[in-house]
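Notes follow the structure.
Quick note: the coordinates plus some simple rules give every number you see, no bench work behind them. Note that the structure is a prediction, hence the values are computed from the model and not measured. All Cβ positions, glycine included, derive from the backbone under ideal geometry; neighbour counts span all protein chains shown.
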Amino acid sequence: MRAPARDTAGRRGGAPLSAFMRWLGRAASLLAGDARADRVVPPAGFTAWLTVFTAGAMSFLAVFALAFSLAAGRLADSWSAELAGTATLRISAPPEQVAQQTAAALAILDGTPGIAAARALGAEEQRALLEPWFGPDLPVDSLPIPQLIEIVETPRGYDAQGLRLRLQAEVPGAVLDDHTRWRRPLVRAAEWLRVLGATSALLIAAAMAAMITLAARAALAANAQVIDVLRLVGARDVYIARAFVRRFTMRSLAGAAAGTVAGMLVLALLPEPGAAGGFLTGLGLAGTGWLVPLAIPPLAALVAFWATRGAAMRALRETT
Amino acid sequence: MIELCEVSYSYGGEALLSDVALELQPGSFHFLTGPSGSGKTTLLKLCYLELRASRGEVVFFGRPASQIGRDGVAGLRRRIGIVHQDCRFLDHLTVIENIALPLDVAGQPVGTRRQELDELLAWVGLSRRRGALPPELSGGERQRAALARAVILSPDVILADEPTGNLDWEMSLRLLTLLIELNRMGKTVLVATHDMTLIRQAKSQVAARVLRIRDRRLQAAGAEL
């Protein structure tokens, strides 16, 4: 008497590694394809286009979610790096005392451990800082604008509290701003944006899995008679599922590839971030970041593989 | 080969078969008869595990059905050729592709068995219709194609459910001849039919045992034949 294949396979199992290798072998043979197995299921136009379109649209959105996440990450890094090593000293004093207090402050800063450089900003630099807010014709000289001193820290940093006390005693109009107050919320916000982008990508993958599951179940229901015939002639569940799984996986791969290319093209055509480039114009991918979306089509195919396989095996188990 | 031991089958609380005992010996020929709705199809379905007995045990090639899992059922159906009244083809595949389907499903290369397929087509008289699609076939051609598909894997048992139900007398006789030939090759054959004339015709050519379902029970048919 012939031994049923399932039993021998069951006894062979045990080690997770060998189970994984068996699964890998099955997945490889699935993707390698079987023209005859594919033919047993008649091509269904509606579910085919639904799957391709869903995979394409979701991948297009996933490119933007990824770009958003990567841009938020870059922003967080840049804010963190740019602001972490600098501080600003603001001197608000009567006009006749500004020069004197500036000199005193610079002398103090010069002798403070942890400060690499300190430099008073010139009138032109201060005008440039205010220009985005007040326009180019701002009469800086006639306005009581405080003098700003830019401080660059050493990697070890300085004792901000000690410096404040010294300045308070010797330069009464000086206010030290080490950027901590507003740097932290900004960095935190950028980190959240990054998490939001990654979460969006995961939600897109989940939505795609749900759509493909529905399409696969619709295809299985539409082909109930085909499945009945295949069972009658001795087809195992894996054989029947394979025809559906391979078809949906390949369709998703094709749709996702098209959607990813379209998304990357749109990103490439976004305007370059200018000198005053904000977050939105910096949304595009940069450097090796362009390689990241290339992972979307194979991931979409993997999602489709699992979604269809799960749907097919569940549906087949529900039948005799 | 297939043995039903005191098998009962109920559906929705209603008993359709009760205490059925049947043994299909190798090389035997059985007719199963009874009025429409008597349970012939149900009994056949129990014989290829499309249905599972509510009580009792069905033993396939020495193995109880209760020990046969899903993959085991698939393996079993490769040893049991089934012919239905409605044939059940894949209408988008040609006749030759439908007949070769069990080979494909069993992982046997179709290409190396071309000659066997050609001989089988010739045997059932469908050589000229090999490229036709099932909806293009006549009733008799469909039944012969279904028979060819049922025997392509050289099964031990052939189960036929009202195979001549839609055929005229001439076509019925032709199909019966094919079934008798299979039996002479050593195959076990079980044919469910309500056509008593066909059974009488067969009994003149083959030592067939005739069983009848009456009041949900299986019994040997006698005097009316």
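Placing unit charges on C-beta atoms (Lys and Arg positive, Asp and Glu negative, everything else neutral), compute the dipole magnitude of region B:89-154 about its Cα centre in debye, rounded to 20.
120 debye
Coupling constants for region B:68-74 follow from the phi torsions by the Karplus curve (6.51 cos²θ - 1.76 cosθ + 1.60, θ = phi - 60°), and in residue order they are 9, x, 4, 5, x, 4, 4 Hz; glycine and proline get x. Over region B:138-186, the pair-distance histogram of Cα-Cα distances with 5 Å bins from zero comes to 5, 21, 36, 24, 11, 4 percent, rounded to whole numbers. Among B:102, B:35, B:134, the residue with the largest mean-square fluctuation in a Gaussian network model of chain B, with springs joining Cα atoms closer than 10 Å, is B:35.
Give the share of C-alpha pairs in each 10 angstrom bin for the protein assembly as shown, from 0 to the last occupied bin, in whole percents, shortest bins first. The percentages, shortest bin first, are 3, 13, 17, 15, 11, 8, 7, 6, 6, 5, 4, 2, 0, 0.
Please report the equivalent ellipsoid semi-axes of region B:89-154, computed as sqrt(5 x eigenvalue) of the Cα gyration tensor, largest first, in whole Å.
18, 12, 10
Estimated translational diffusion coefficient (Stokes-Einstein, Kirkwood radius over Cα pairs, 25 °C, 0.890 mPa s) of region B:44-117: 172 µm² per second.
Evaluated at q = 0.14, 0.17, 0.21, 0.25 Å⁻¹, a Debye calculation over the C-alpha positions of region A:93-172 (equal weights, vacuum) places log10 I(q)/I(0) at -0.55, -0.76, -0.99, -1.17. Kirkwood analysis of chain B, using all unique Cα-Cα pairs, places the hydrodynamic radius at 17.9 Å.
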